[in-house]
Amino acid sequence: MGSDLEVELDRALVDGPFHLALSLAVRRRGLGLSRLQCRLAERGIKISTATLSYWCTGRSQPERAESLHGVAVLEELLSLPAGSLVGLLRSARVRSRGRRSRNMDLGLYPPAVQVVEEFEMPVRSVLRPLSIDNHVTMGANGSIRQGRVRLTLRSLADGVTRKVMAWCAEEPVSEPPRLVDLAGCRRGGVRWDPATGQFSAELLFGRPLAEGETTVIEYTVVPPPDMVPETRLGQVVLQLLPLYTLHISFAPQAVPARCVAFHQATASAPEEELRELLPDDTPSVCIAVTDARPGVYGIRLDW
């Protein structure tokens, strides 16, 4: 049995894929992932056992420089030739990124590629959104005061522990938004890019989800006070979505002259005007899209 394992490992270190070589090396070394995580932590490298599990099963692979350094240390801890695992990643990176874009349609929205890589999300989506409900409250100057999001999600695999959210202002702002009033989840790691104004965060579930299980999570995004008036509010849809709703509540003294529902096939495609929306006496407007195909859906505000 031991010799068979050595043969398999030797072959995987030459031909790949990375996840097979790593999982075989872990088996040969006889270390549990928790113990391996502790050994990495002793070297000052913070990689969770969940991430190690994803790497071993092929759900995700290391992308960031910090993670690649961790892989180099793993080679030492697992008694592998220096550069053997890292080499598999380098040779497969172009193919992996192309496959990921097709599977998740990330080409629709280029910043999504950065989010996936920063949080080392699974190559294939392990969550299917069943509904996304956004309620945005606007302030007296036409900027966003807060946005409340409610997601209904179905797990496509066992052991799913998180969802990553992303938020981006039209114009760069001085500080990241606050993420408050979480329900059904808690905040994990966060990323903030001052140059683009993009904010993203892990939303950690209360326990791992089983395949086919559904969960509902909610959170509120509170932007910084220096937001400029918004002219477009919307949602990127990366896969077929049964229901998407966007409800915008305005301050009585700041109602746009015109509100138009729109769709874009990609983030760079021209807007397709769906219909004009007339504010009610609340005042507010709303759209509800059923069986939303991939693309961008939202409401344009003409002040």
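The values are calculated or read from the model by the stated rules, or taken from the named source; none is laboratory data. All values derive from a computational prediction rather than experimental measurement. We place every Cβ from the backbone using ideal geometry, glycine too, and count neighbours over all the protein chains shown.
Table for the structure above
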{"quantity": "Close pairs (8 angstrom Cβ cut-off, 6 or more residues apart or separate chains): of a type in the set (Asp, Glu) in the range 281-301, surrounded by fewer than 18 Cβ atoms within 10 Å (Cβ to Cβ) and not in a strand (DSSP E or B) anywhere", "calculated": "Asp291/Leu240"}
{"quantity": "Residue that is at pLDDT 85 or above, of a type in the set (S, T, N, Q) and under 19 Å from the mean Cα position of the chain (by Cα), where the choices are Ser84, Ser79, Ser53, Ser101", "calculated": "Ser53"}
{"quantity": "Unique residue being loosely packed, with under 14 Cβ neighbours inside 10 Å and aliphatic (A, V, I, L, M) when the list is Ala201, Ala210", "calculated": "Ala210"}
{"quantity": "Candidate set: the range 49-66, residues that are free of Cβ contacts under 8 Å to residues at least 40 places away in the same chain and touching a His at 6+ places or on another chain (Cβ under 8 Å); chosen: the one surrounded by the most Cβ atoms within 10 Å (Cβ to Cβ)", "calculated": "Trp55"}
{"quantity": "Hits in the range 56-76 - residues which are of a type in the set (Asp, Glu) and under 22 Å from the mean Cα position of the chain (by Cα)", "calculated": "Glu63, Glu66"}
{"quantity": "Meets criteria (in contact with a Pro (Cβ under 7 Å, 6 or more places away or on another chain) and either at pLDDT below 95 or of a type in the set (D, E, K, R) (or both)) for Val237", "calculated": "yes"}
{"quantity": "Subset of the range 13-32 that is within 30 Å of the chain's Cα centre (by Cα) and of a type in the set (Gly, Ala, Ser) - its residue that is modelled with the lowest pLDDT", "calculated": "Gly16"}
{"quantity": "Hits in the range 21-48 (condition: crowded, with 18+ Cβ neighbours inside 10 Å and more than 25 Å from Asp10 (Cα to Cα))", "calculated": "Ile47"}
{"quantity": "Odd one out for Val7 among (1) of a type outside the set (Ser, Thr, Tyr); (2) at pLDDT below 85; (3) buried (at least 16 other Cβ atoms within 10 Å of the Cβ); (4) more than 29 Å from the chain's Cα centre (by Cα)", "calculated": "(3)"}
{"quantity": "Considering residues of the range 228-247 that are within 24 Å of the chain's Cα centre (by Cα) and among the hydrophobic types (A, V, I, L, M, F, W, C) only, the residue surrounded by the fewest Cβ atoms within 10 Å (Cβ to Cβ)", "calculated": "Leu240"}
{"quantity": "Some residue of the range 251-258 being surrounded by 12 or more Cβ atoms within 10 Å (Cβ to Cβ), part of a strand (DSSP E or B) and aliphatic (A, V, I, L, M)", "calculated": "no"}
{"quantity": "Subset of the range 144-180 [over 27 Å from Thr51 (Cα atoms) and modelled with pLDDT of 90 or more]", "calculated": "Ile144, Arg145, Gln146, Gly147, Arg148"}
{"quantity": "Enumeration of residues in the range 217-240 that are in a loop (DSSP other than H, G, I, E, B) and touching a helix residue (DSSP H, G or I) at 6+ places or on another chain (Cβ under 8 Å)", "calculated": "Leu238, Gln239"}
{"quantity": "Conditions (1) modelled with pLDDT under 90; (2) surrounded by 14 or more Cβ atoms within 10 Å (Cβ to Cβ); (3) among the β-branched types (Val, Ile, Thr); number of the one not met by Val71", "calculated": "(1)"}
{"quantity": "Qualifying residue in the range 279-292 (condition: in contact with an Asp or Glu (Cβ under 7 Å, 6 or more places away or on another chain), of a type in the set (Gly, Ala, Ser) and exposed (fewer than 14 other Cβ atoms within 10 Å of the Cβ))", "calculated": "no"}
